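Read-outs: derived from the displayed coordinates by stated rules, not from any lab. Predicted model only: the values in this text are computed from it and were never measured. As a convention, Cβ positions derive from the backbone with ideal geometry for all residues, glycine included, and neighbour counts pool all protein chains shown.
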Amino acid sequence: MSRFAHSLVRQLSHLPIFYKVLAANSLIVVAGAVVGTTLTLLSTGNTEHLPEFVALFAISGTLLSVLINWIVLRAAFRPIDVLEQTADEVRRGNFHVRAPSVPLSDPDLDNLTATFNAMLDTLVGYQERLRELSQRVLTAQEEERRRIARELHDDPAQSLTVLLVLLKMLQDRQQPTDGTLLRELIDLTSATLESIRTIAQELRPPVLDDLGLAAALEGLAAQYRQRFGLAVQVQVRGQRQRLAPDVELALYRIAQEALTNVAKHASAKRATMELAFGEEVVTLRIEDDGHGFEPREALGRGLGLFGMRERAQLVHGTFELRAAPGKGTRIDVRVPLEPVATLLESGKERR
């Protein structure tokens, strides 16, 4: 094949399909007109004006073929043009545009248009959900900041203020200090330090990084027994092992949120946390004997249950909630265990 022919074929191959079909149909019609006219005239023996008749039918056939094919193909390819325009609008950021239906369109193209519009509806739904989640996250962050600020102001700040006043009183005295006042200062200082440690423990428990999830859950249970008087028991089954840091953090936060809900809303007397290490999954179960609730009504409120479910999904786990009015609440979280090699690689990446 010559260089010219190769270049021509390459240029034709890059033509839009509309023009390819139009050219192919026109060639077929022209060839049929030429061959048919020639054979007809040869069969009748009238060859005197053969070239003129062939040229006339070829030109008229070409024009008529191009006109009819252009009209038919333009109508047939109109849905594709509409889809292309709609996709271009989506690319520019307009996710509310939809591809309109086209009269006399092919049923398969109508189905494609409907699928494309359904995909855009789903995309808009995901965007709205993401926007709502982002707003909830920001709201939760602000609420957490307000809570920490309130706890710092209500307990440590006031204790430190009292401590400062007493120290100034000691400074103003020009006589030895009695033992009672010193004991009060020591007790006040100890209580203030303990309050600060509690707040720091809630923000990020050091035992989670140092000793692992099981030890952190035991410390969490002791903390809730002391603060809320809630009888929390921790049961660990299977061989204790360290998990990936993101898995340990997710399970700890789920347990923390669950116990907070139990202590503040469930009116429960007892709660149990069971951590089971299996061969392929680790399971965390939190159960209480509180008054329970209707799950369908609670899932749409706040970020509590939703946040626990999202944390489980982020570590490729499952979240199951069982609750009913008057029958307590049980939460089961199952997370697949990563192979040791994968765990080591993820640890290297984090470092």
Leu181-Asp332 pseudo-label distance in nm [points 7 Å out on the Cα-to-Cβ vector]: 6.3
Relative packing of 110-121, 280-291, which averages over residues the other C-beta atoms within 10 Å, highest first: 280-291, 110-121
Extension gain (nm, one decimal) between Val137 and Asp246, 0.36 nm per residue minus Cα-Cα: 37.4 nm
Cβ-defined net charge surrounding Arg129, 12 Å radius [Lys, Arg +1; Asp, Glu -1]: -1
Inter-probe distance in nm under a simple model that places probes 7 Å from Cα toward Cβ, at Glu128 and Ala276: 4.0
Charge tally in the Cβ shell below 13 Å around Ala268, where Lys, Arg are +1 and Asp, Glu are -1, Ala268 excluded: +3
Local electrostatic count at Leu83 - Lys and Arg +1, Asp and Glu -1, tallied over other residues with Cβ under 13 Å: -4
